[in-house]
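The values are calculated or read from the model by the stated rules, or taken from the named source; none is laboratory data. Being a predicted model, the structure only gives us computed values, none of them experimental. Neighbour counts run over all protein chains shown; Cβ positions are idealised from the backbone, glycine included. Ligands, DNA and RNA are excluded from the accessible area calculation, which covers all protein heavy atoms including side chains. Shrake-Rupley method; radii C 1.70, N 1.55, O 1.52, S 1.80 Å.
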Amino acid sequence: PSSKLKKHKLDRLNFSLAILSGILLTLSFPKAGVSWLAWFALVPLLAALRNLSFKNGFYLGLCAGLAHYLTLVYWLAYTMSTYGHLPLYASVPILLLLSAYLALYPAIFSMSLTCFKRPARLVFMIPCVWVSLEYIRSFLFTGFPWELIGYTQFNVLHLIQISDIFGVYGVSFCIVLSNAAILLAYLCVTGKPWQETKIKAGLAAGSVGILALIFCFVWFYGNRRIQSIQKLISHSPSIKTAIVQGNIDQAKKWDPAFQLASIVKYIHLSLLTKKHIPDLVVWPETATPFYFLHNARLSEMVKKGVHDTGTDFLIGSPSFNLGENRVEYFNSAYLIGPEGNVYDRYDKAHLVPFGEYIPFKKWLPFLGKMVEGVGDFNPGKKGHTIKWGDLRLGIQICYEIIFPKLSRAMVKNHASVLINITNDAWYGRSSAPHQHFSMTVLRAVENRRSIIRAANTGISGFIDPCGKVMAATPLFEDATITRSVPVIEETTFYSRFGDLFAMACLGITLIAGFGSFFIRKYSK
């Protein structure tokens, strides 16, 4: 870099712009949900990066990331303090630690952009680098792809239809491309350089033109796909499903004194659905706060309730298997017939670190679990589907639904319908239940499958294969809703081939990154 770049210092304005980007990003996600902000939320950060050094780009990205993630996942401290019984002096540092880890991604993003001296590369490299890092975040250290930028558009149906080819990463690419085009237009109009190179009018106009063309294609594709999928739905069979939202207080859920009341409540609500003659009744994650089939008295109560309702049930329950040397615990879902016979069981495959198991337990024995329950859970088999008559059901428990590859694995294993059972009571009335629900919508579009979602305290609902929310419950209310959902067997490009687009972005980023590194090294 030139001497002028070396002398360029970070100032208050730089940090203010970075923080502004972080806040705008958060506001584009639920609960605020001002989705259009995402299309230019990164522009203040990008503008602040011009003429910065490699190191200062990292610091500025870290600042933006901290501003974003501290305001996005603030509810983590509440959850750990209220239900994990951790004091605030312990839960707040954990929130800071997670936010700092997540902030590394925008930090690396910002640092990487300072390597690109030629502004002509920016229009595509900015979205490529961003998508690459989102993809890495989806699997590194077991993965935490919570609220990727593409999820901001979950309720803009025409824009998210490209997910059946590119996944949520395609939507992310379009959004960040918009930020890149706006940046170049801004720098051109103001006459400000990028790394000492002025932006020509042709480059700015070309960037905006490319964005307009891609946006028109995405909108046109979305319109055509919605029409074709709705036509397919009109000729497809359907299943009538009832969701039961028991609204059980998390503070009482695992108290033995309240077990009986919880079961009575779920049975009572289930019987209310009988008049609709559902094919299936779905209870949320761990709706039975005991080991189903092992606690004889309570299990018989559940079976009688199922029998009296007269249909099949899918219920969430902890379970265990007796191994040779130890007991193996699982977070499970049972499919039960009206005669009390168990058709099959699904065991949660992707567990929550520090919630359902302790990573690096051998080296960190002092760490306890942050939720109530018995022992560490064991993972089940990924992609396992449950046979139900002529159909197969893909069950995903809690935050498994935020991992696209898990939904894909179930569809590839012939799942005709996806069912997400969860207990979001941990999050209270924070933005977390709304954020969790928004990510569920993209799984429906990616795989063209209906999604049935049962949550203990909400949000429960039905999502059709176009991503349209057919019905949803409010938070913290007793509720039952019954709907007929279409059963589609079509396998999308994304279901078949997965994250080829994201991997292509990663490949391009690595090639461009190494190229820039060697150019800088040998041009000195």
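Observations on the model:
- Pairwise label distance in nanometres, ALA504 with HIS307, each label 7 Å out on the Cα-Cβ vector: 5.8 nm
- For the chain, the longest principal axis of the C-alpha atoms and the axis of helix 12-28 are separated by about 30°.
- Between VAL156 and ASP11, the FRET efficiency estimated from the beta carbon spacing at R0 = 45 angstrom works out to 0.75.
- Carbon plus sulfur fraction of accessible area for the chain, probe 1.4 Å, in percent: 65 percent
- Rounded to the nearest 20, the Cβ-based charge dipole of segment 378-524 about its Cα centre (Lys and Arg +1, Asp and Glu -1) stands at 720 debye.
- Of the peptides 39-46, 251-258, 103-110, 386-393, the order by per-residue mean of other Cβ atoms within 10 Å, starting with the highest, comes out as 39-46, 103-110, 386-393, 251-258.
- Sorted largest first by accessible area at a 1.4 angstrom probe radius, with every protein chain in place, the residues ILE162, ILE19 fall in the order ILE19, ILE162.
- Segment 152-266: C-alpha gyration tensor shape, a/c 1.5 cut-off, then a/b vs b/c: oblate
- When the charge dipole of the chain is built from unit charges on Cβ atoms (+1 for Lys and Arg, -1 for Asp and Glu) and taken about the Cα centre, the candidate among ALA205, ALA287, ILE397 whose Cα reaches farthest toward its positive end is ALA205.
- Ranked by the mean number of other Cβ atoms within 10 Å of their residues, highest first, the peptides 55-62, 175-182, 301-308 fall in the order 175-182, 55-62, 301-308.
- Using R0 = 45 Å, the C-beta based FRET efficiency linking ILE165 and TYR343 works out to 0.85.
- Selection from LEU95, ALA471, ILE508 lying farthest towards where the dipole of the chain points positive, charges on Cβ: ILE508
- As a length-normalised measure over Cα pairs under 8 Å and 6 or more apart, the relative contact order of the chain settles at 16 percent.
- Extending 7 Å from the Cα toward the beta-carbon at both LYS468 and HIS268 defines two label points whose distance is 3.6 nm.
- Under 10 Å, Cβ to Cβ, from SER416 - net charge with Lys/Arg +1 and Asp/Glu -1: 0
- Prolate/oblate/rounded label for segment 402-500 (Cα gyration tensor, a/c 1.5): prolate
- Accessible area of GLU477 in the full protein assembly, 1.4 Å probe (Å², nearest 10): 90 Å²
- Gain on full extension, evaluated as 0.36 nm per residue between LYS387 and ASN413 minus their Cα-Cα distance, stands at 8.3 nm.
- The heavy atoms of CYS128 offer some 10 square angstrom of accessible surface to a 1.4 angstrom probe.
- Residues in the chain average 41 Å² of solvent-accessible surface per residue, probe 1.4 Å, ligands and nucleic acids excluded.
- Label-to-label distance, TYR221 versus PHE497, with points set 7 angstrom from Cα along the beta-carbon direction: 1.1 nm.
- LYS31/ASP249 FRET efficiency (R0 22 Å; Cβ-Cβ; nearest 0.05): 0.55
- Which of LEU500, LEU86 is most accessible, then next, and so on - probe 1.4 Å: LEU500, LEU86
- Helical runs assigned H by DSSP (4 residues or longer) give the chain a calculated mean residue ellipticity at 222 nm of -15500 deg cm²/dmol, each run adding -39500 (n - 2.57) before division by the residue total.
- If you take all other residues with their beta carbon under 13 Å from the beta carbon of CYS466, and give Lys and Arg +1 and Asp and Glu -1, the sum is +3.
- Set LYS252/LYS303; LYS304/LYS348; LYS253/LYS304; LYS275/LYS405; LYS265/LYS382 screened for pairs whose C-alpha atoms are more than 28 Å apart: LYS275/LYS405; LYS265/LYS382
- Net dipole in debye of the chain [+1 Lys, Arg Cβ; -1 Asp, Glu Cβ; about Cα centre; nearest 20]: 2200 debye
- Area of MET470 that stays accessible when all protein chains are in place (1.4 Å probe, Å², to 10): 70 Å²
- Here the chain carries DSSP beta bridges of which approximately 65% are antiparallel, counting only pairs with both residues inside.
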